Amino acid sequence: MSDQSDQSTATPKKRTITLTGRRPVNISEADWPMVAHGMGDSGNALDSAHHQQAWARGELDAYNLRVRQHADGRALVYGRLAAATAWTGSEDHRGGELLAAGADLAAAITRVGQECGLPGRVIRRCLANLPAQAL
């Protein structure tokens, strides 16, 4: 007999996603896999040792921008600015959009990234991580 747990009885991981201008949504991560992301922090110009110290002291803003897509084609684009308020003067912010199948993901990534106050490099990184379009 195996000591491994039965995968079929495992509870799927749930996630609550904050959307802009509407109530949050609750999803199963298994049903909404991540297809692209961009992330970073406000300390990219720091040397490695200084960066680690600043991060450990909570002196850096953290940026996340993610895209999840359901098998039916709907997509969620959502972002977060986790601010080190006392150090950077930023504010925490979350936002996102639920898109219909076939909607313009690139435009939504740009809108959500800008609305959340994320730097252009994080938005560009997320766009670059989208699955390539077949021509």
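Restricting to the stretch 17-40, count the residues that are part of a loop (DSSP other than H, G, I, E, B) and either loosely packed, with under 15 Cβ neighbours inside 10 Å or out of contact with any Pro (no Cβ under 9 Å at 6 or more places or on another chain) (or both). Final tally of qualifying residues: 11.
When SER90 is tested against (1) modelled with pLDDT of 95 or more; (2) of a type outside the set (Phe, Trp, Tyr); (3) under 17 Å from GLY120 (Cα atoms), exactly one condition is not met: (1).
Of all residues in the stretch 100-135, those satisfying the criterion of being within 19 Å of THR18 (Cβ to Cβ) and either of a type in the set (D, E, K, R) or not in a loop (DSSP other than H, G, I, E, B) (or both) are LEU105, ALA108, ILE109, THR110, ARG111, VAL112, GLY113, GLN114, GLU115, VAL122, ILE123, CYS126.
Residues in the stretch 60-81 that are more than 13 Å from GLY95 (Cβ to Cβ) and among the β-branched types (Val, Ile, Thr): 1 in all.
The values are calculated or read from the model by the stated rules, or taken from the named source; none is laboratory data. The shown structure was predicted, so the numbers you read here are calculated from the model rather than taken from an experiment. A quick note on method: Cβ atoms are made from the backbone with ideal geometry, for glycine too, and the neighbour counts reach across all protein chains shown.
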